[in-house]
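Enquirer: I'd like to ask you about the structure that follows.
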Amino acid sequence: MPRVFLVGSATMLVISLIGLVVFSMVMAASSMGERHAAMMGGRGSNPADEAPVQGATQVRIEDFAFSPANIVVDVGTTVTWTNEDNIGHTVTSDDGDELDSSLLDQDDTYSYTFDEPGEYFYHCTPHPNMQGLVTVRATGAR
């Protein structure tokens, strides 16, 4: 005669809870993958993709991008970057050492006064697809 196993309600509850835990872990791993992708670069920013913003002195760091990523200021202007992401970012010169922030945590700021005309390309060290450009004009140049 075949054996029939009866499963009690306590056993069914345990099996259901195990299934729920496994499902939750799979969903958490999936969302971590998306978050990890964002941490590794997110959408990024490229100043070549933006029209220059004249006279902007505030740059937001948000959604893994500098915004605006392409600004034009006059000599003597101080520009301030504010990290609005919940992960650290830097403001680092591509060439030279003019822009060299520490790792900025959420709500941290970094400021730099541009005393020489020129183009200052920069990026975020941990997220190199975050790129920006500050073009500094001689006073009175338009």
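Bear in mind that the values in this text are calculations on the coordinates, not laboratory data. These numbers come from a predicted model, not from an experiment. No Cβ is skipped: glycine too gets one built from the backbone with ideal geometry, and neighbour counts run over all protein chains shown.
Enquirer: What is the fewest-to-most order of Ser67, Ser102, Ser111 by other Cβ atoms lying within 10 Å of their Cβ? Each step should come with its number before you reach the end.
Expert: Values: Ser67 16, Ser102 10, Ser111 13.
Ascending number of Cβ neighbours within 10 Å: Ser102, Ser111, Ser67.
Enquirer: A further question follows. Take Ile71, Ile61, Ile87 and order them by how many other Cβ atoms sit within 10 Å, fewest up front.
Expert: Taking fewest neighbouring Cβ atoms as first place, the list is Ile87, Ile71, Ile61.
Enquirer: Looking only at the stretch 71-97, which residues have a backbone nitrogen under 15 Å from a spot 7 Å from the Cα of Gln106 in the C-beta direction?
Expert: It comes to 83-89, nothing else.
Enquirer: Using the count of nearby Cβ atoms within 10 Å as a rough guide to exposure, how do Thr113, Thr135 rank from fewest to most?
Expert: Neighbour counts put them in this order, fewest first: Thr113, Thr135.
Enquirer: Okay, next question. Net charge around His127, counting only other residues with Cβ within less than 13 Å of its Cβ (Lys, Arg = +1; Asp, Glu = -1)?
Expert: Charge balance near His127 sits at -2.
Enquirer: Okay, moving on. With both bridge residues required to lie in the stretch 47-137, what share of the DSSP beta bridges run antiparallel, to the nearest 5%?
Expert: 65
Enquirer: I'd like the Karplus ³J(HN,Hα) series for the stretch 80-90: coefficients 6.51, -1.76, 1.60, θ = phi - 60°, whole numbers in Hz, and an x wherever there's a Gly or Pro.
Expert: Values per residue, Gly and Pro as x: 10, 9, 10, 7, 9, 7, 9, 9, x, 9, 10 Hz.
Enquirer: Residues with amide H under 5 Å of Ser45's amide H, sequence separation 5 or more or different chain, H placed in the peptide plane at 1.01 Å from N; which?
Expert: Amide H neighbours of Ser45: Phe66, Met130, Gln131.
Enquirer: Identify the residues of the stretch 66-109 with backbone N under 18 Å of a label point that sits 7 angstrom from the Cα of Thr139 along the Cα-to-Cβ direction, or state none.
Expert: 73-79
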